[in-house]
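Throughout, read-outs are computed from the coordinates displayed, never taken from laboratory work. As the structure is a computational prediction, the values presented were derived from the model and not from experiment. Because the Cβ atoms are built from the backbone with ideal geometry, glycine has one as well, and the counts that use them run over all protein chains shown.
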Amino acid sequence: MAVTVEQNLPGPGPDQERPIGFGRLKRKEDARFIRGQGRYLDDLRLPGMVYGQVLRSPYAHAKILSIDTTRALAHPGVAAVVTAKDLETLGLAWMPTISYDTQAVLAGDKVRFQGQEIAFVIAVDEYTANDAVAMIDVEYEPLPAVVNARKALDPGAPLIRDDKIGQRDNLASPTWEAGDKAATDRVFAEADSVAVRDIIYPRCHPAPMETCGMVADFNPNTGQLNIYNGNQAPHAHRTVYAQVAGLPEHYIRIMCQDIGGGFGGKVPVYPGYVCAIAGSIVAGVPVKWIEDRTGNLIADSFARDYIMHSEMCMKNGKITGLRVDCLADHGAFDSTAQPTKFPAGFFHIVCGSYDLQASHVKVKAVYTNKAPGGVAYRCSFRITEAVYLVERMVDALAIDANVDPVQLRMRSFIQPGQFPYETTTGWTYDSGDYAKTMQVALDIAGYDDLRREQQEKLAKGELMGIGVTFFTEGVGAGPRKHMDILGLAMNDGADLRVHPSGKAVVSLSAQTQGQGHETTFAQIVAEELGIPPENVEVRHGDTDKSPYGLGTYGSRSTPVSGGAVAVVTRKVRDKARLIAATMLETRPEDLAWEKGRWYVRGDISKGATVESIAEYAYSGRSMPAGLEGGLDAQVIYDPPNLTYPYGAYISVVDIDPDTGYVKVRRMIAVDDCGVRINPMVVDGQIHGGLAEGLGIALMEVITFDEEGNCLNSSFMDYLIPTSLECPDWELGETVTPCPHHPIGAKGVGESPNVGSVPCIANAVIDALWKKHGVRHMDIPCNPARVWAAMQGRPEPPQ
Amino acid sequence: MQVSINVNGEMYTREIEPRLLLVHFIRESIELHGTHWGCDTSNCGACVVLMDGKPIKSCTCLAAMAEGHEITTVEALEVDGVLDPIQQGFHEQHALHCGFCTPGMLMTTRALLNENPDPSELEIRTAISGAICRCTGYKNIVSAVRWAADYEATAK
């Protein structure tokens, strides 16, 4: 037996009304995905297409003495082998990173991390390309590798970036500071209690199910370069390719099809992309490159890798100050994802949700012989590191001062009347009622009962832990007065066209990777214009057919593109009002709006629907004076501020005292992300982020041995949570609308990852410290590391 | 070498290299792109298809080994424009985001329901534990399987 889906499209269930606007609406995009008809990059076939594969370095640091491609070139089916020398003639041997550094596309002089790209083979099929990669003979002279960031600046440390003129050490970026040092020192001097911890947020990886890849199709006759590539910021990529390759920007077209997850890993431009483009320019045919999983894990998109010396103090039971000295490991090339003015991203949001008297933050970055990065893995530019730090430190202070971690937070929260609230490091939080949200989480958890249960279990020798966190994020980068990436304002465009029948197409610069934009952005138009969401088609992912904007990451789609779509729809609605006035032979100011219709004030029966206005706008009838025909509009939205979602998370863990295995029994997430466009999609985002956060807290880590060999180069070693590790997530919500966003919404996608990692870490330490005296251990809390911590020797993760 | 493989009830005869993996036979030789590839190590489950009704990872099976067996892919779930309840369940319960793991998850859970029409939460979680979903956190996948199980129980 089976069932049908109405019109092959998602429809309402038997008892459900399909909302015109916000509400639970099943997703439009499901129709193709549940049939196996998603169109991902590797599904693309173009006539004459050939396949590229990358040769990667086995060494973390080595001089390249020679590269001999003779055998590979002689292999049947091989069309070309591209090396750094070939790229030099095209001016493509090096490329700029998003942090104003340079990165080798293919290594010519030496390799600087294991997995670095050395050569690019182009062949008739994937198997042949892989065969030929193994036939390239490279002679290396191994050099000592720098793997530990703490040793990168030692005198005598091998110089990694000898390609950079004037670079004499491994400093990637000089010390960057925020806050007030003198005031912070004073607050610490007056404190009742100070907690000090060295906290590492180790290297981890977004590892979306679909790896990176590209099909580049250069037409030598027209000069047109068509790029098929699942990336999170197609317009910005086009600009970068124009700059790198010197191609006219209007001859470059990027088409993102369906993307199998991104999580920040598909923001940067990778060497494989440039190789595919160069390959297509050289070969004159389309070139496809699909990264293998090992390449993805060892060469692309690592995240975090922050070493944070942290101090937090309190007075009279309230948190008063925070001092952080942070060392960032950027790997061999600095391609950190961040707005240009912020070399440590938004790390200085580290004051969290608390009304501090003073704080001071320092961040310095070094080069190491590790893969370049780091990307914001489900994170708004280092906020994850910041929230991890502050929420670990609140618990550290609670342990050291022997107070309940919930009480300490409750006493220290920024109060509702203080918003908009300026933090001691310069952020202006927009809105919040933190204690209310915390209380919802405590009620769902049954916090007092859990504490009692914990006491009883402790008496029996059982290890149960309760973790609490409260986070505030700043998402939706961002206002052009404050931030840009590579000189590009972080604004988003939207283009709305209502056709004569009243059906509409809205084009976005945001780029979904699974977030459900085709549904939720149609709902914004529906809410604002009162036409059913199924009458709104959402277009994105093609730079020729969508307005300029900076893409989807940092939870910015709803805050920025969502704002753009609301504003463009209101613009259309305003135009509709002028037309309606002509249709109804009255003045625009005499009209009132109800969803989908302008009507004459005082006579609700006399009105014009959006559909009738659209028909009129394209008809031969006369338009209001000075108004063009048609019903459409275009905007670029510049958000006035970031949005500041927040949440209270509580986790319960049980630890096997014999093995150190941590089982997350419960995970409660209460999020306040302002107005929710589609609660089903919001909940889904939270579920997914919690799973990734659980992974980072318990198992996901990228480590290296002393020679720089990556020890987590496949899913055998880079462990991702399965259905068995994940508990049945328990969600709650409060709604505090964003005061400056057109529809009162805030971003949410990253909140669960940001909040859950410290929550689970706090729970593990909460389980261990009374019985085993563990006052801190670094993540991941895998059995071996938890066991070591129980034996009194917690180990750093790397 | 030449192989003849029954995929979704149709025989496909192709000249292949002996080392060709079944996932590549499905995706490249006969161009059914619903079956995906996500890792090189048999961990992720994006490539799960049914072989004689049992879920297998098609990246860990040579195409040549599939001869004489019946392979079923996601493309066969919908029959004459009518969705399989498991497909409908994934849609109803928002059990997919990016959709990349979805075909493997659908085939895995279809096989589960064929074997066990009334699975418990733990049985569902155990059945899908060989497949990774990076987006959903699994909760809604569990709900989707229950939705389909309940639907099929009612329809009988």
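Overview of results
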quantity: J(HN,Hα) series, the stretch A:528-533, from Karplus relation 6.51 cos²θ - 1.76 cosθ + 1.60, nearest Hz, glycine and proline x; calculated: 7, 10, x, 9, x, x
quantity: When each of A:370/B:139; A:315/A:364; A:315/A:457; A:164/A:362 is checked by Cα-Cα distance, pairs over 28 Å; calculated: A:370/B:139; A:315/A:364; A:315/A:457
quantity: Proximal aspartates and glutamates relative to residue B:57, as straight alpha-carbon distance under 13 Å, when same-chain residues fewer than 8 apart are discounted; calculated: B:40
quantity: Alpha-carbon centroids, the stretch A:721-735 and the stretch A:363-378: separation in whole Å; calculated: 30 Å
quantity: Positive dipole terminus of the stretch B:2-74, leading residue within B:49, B:64, B:2 (C-beta point charges); calculated: B:49
quantity: Helix-only CD estimate at 222 nm, as mean residue ellipticity for chain A, using -39500 (n - 2.57) per DSSP H run (n ≥ 4); calculated: -8000 deg cm²/dmol
quantity: Lys/Arg +1, Asp/Glu -1 at C-beta; the protein assembly as shown dipole; positive extreme among A:564, B:126, A:359; calculated: A:359
quantity: Shape category assigned to chain A from the gyration tensor of Cα positions, a/c cut at 1.5; calculated: oblate
quantity: Rough spin-label spacing in nm, given labels placed 7 Å along Cα→Cβ, for residue A:185 and residue B:120; calculated: 6.3 nm
quantity: Assigned charges on the beta-carbon of Lys, Arg, Asp, Glu; the protein assembly as shown dipole about Cα centre (debye); calculated: 1720 debye
quantity: Positive dipole terminus of the stretch A:492-637, leading residue within A:613, A:546, A:531 (C-beta point charges); calculated: A:613
quantity: Residue list for the stretch B:61-95, given a label point 7 angstrom along the Cα-to-Cβ vector of residue B:11 and an amide N cut-off under 16 Å; calculated: B:66-71
quantity: Order of A:32, A:793 - criterion: other Cβ atoms within 10 Å of each residue's Cβ, fewest first; calculated: A:793, A:32
quantity: Label-point separation in nm, residue A:462 to residue A:219, each point 7 Å along Cα→Cβ; calculated: 6.9 nm
quantity: Mean separation of Cα contacts under 8 Å (6+ apart) over length of chain A, as relative contact order %; calculated: 15 percent
quantity: By average C-beta atoms within 10 angstrom, highest first, the peptides A:568-580, A:757-769, A:605-617; calculated: A:757-769, A:568-580, A:605-617
quantity: Listed peptides B:4-13, A:722-731 by packing density, highest first (mean Cβ within 10 Å); calculated: A:722-731, B:4-13
quantity: Computed over the stretch A:562-622: relative contact order in percent, which uses C-alpha pairs under 8 Å that are six or more apart; calculated: 25 percent
quantity: Alpha-carbon centroids, the stretch A:605-678 and the stretch A:147-207: separation in whole Å; calculated: 38 Å
quantity: R0 of 22 Å, Cβ-Cβ distance residue A:32-residue B:82: FRET efficiency to nearest 0.05; calculated: 0.85
quantity: Whole-angstrom Cα spans of chain B along principal axes, big to small; calculated: 46, 32, 23
quantity: Whole-Hz ³J(HN,Hα) from phi, Karplus 6.51 cos²θ - 1.76 cosθ + 1.60, for the stretch B:105-119, glycine and proline x; calculated: 5, 4, 5, 4, 7, 4, 5, 4, 5, 5, 7, 9, x, 9, x
quantity: Separation in nanometres of the label points that stand 7 Å from Cα toward Cβ, at residue A:621 and residue A:435; calculated: 5.8 nm
quantity: A:359, A:714 arranged by Cβ crowding within 10 Å, fewest neighbours leading; calculated: A:714, A:359
quantity: Within the stretch B:85-155: Cβ-based charge dipole about Cα centre, in debye rounded to nearest 20 (Lys, Arg +1; Asp, Glu -1); calculated: 320 debye
quantity: Taking the stretch B:85-155 and dividing mean pair separation by its residue count, relative contact order in percent (alpha carbons under 8 Å, at least six apart); calculated: 53 percent
quantity: Residues in the stretch A:693-737 that a label on residue A:661 would reach, taking backbone N under 14 Å of a point 7 Å out along Cα→Cβ; calculated: A:722, A:724-726
quantity: Rg/Rg_ref, the stretch B:2-74, where Rg_ref = 2.2 N^0.38 Å and atoms are Cα; calculated: 0.96
quantity: Length released on extending from residue A:443 to residue A:46, taking residue separation times 0.36 nm less the Cα-Cα span; calculated: 137.2 nm
quantity: Residues A:250, A:741 arranged by fewest to most Cβ contacts within 10 Å; calculated: A:250, A:741
quantity: Separation of alpha-carbon centers, the stretch B:21-87 and the stretch A:393-414, rounded to whole Å; calculated: 52 Å
quantity: Using a Förster distance of 51 Å, the FRET efficiency for residue B:67-residue A:735 (Cβ separation, nearest 0.05); calculated: 0.30
quantity: Test item: Cα-centred dipole of the stretch B:2-74, Lys/Arg +1 and Asp/Glu -1 on Cβ, debye; calculated: 200 debye
quantity: Cα-based shape type of the stretch A:29-83, given that a ≥ b ≥ c are square roots of the gyration tensor eigenvalues and the cut on a/c is 1.5; calculated: oblate
quantity: Additional length obtainable on full extension of the chain from residue A:605 to residue A:102, 0.36 nm per residue less Cα span; calculated: 174.6 nm
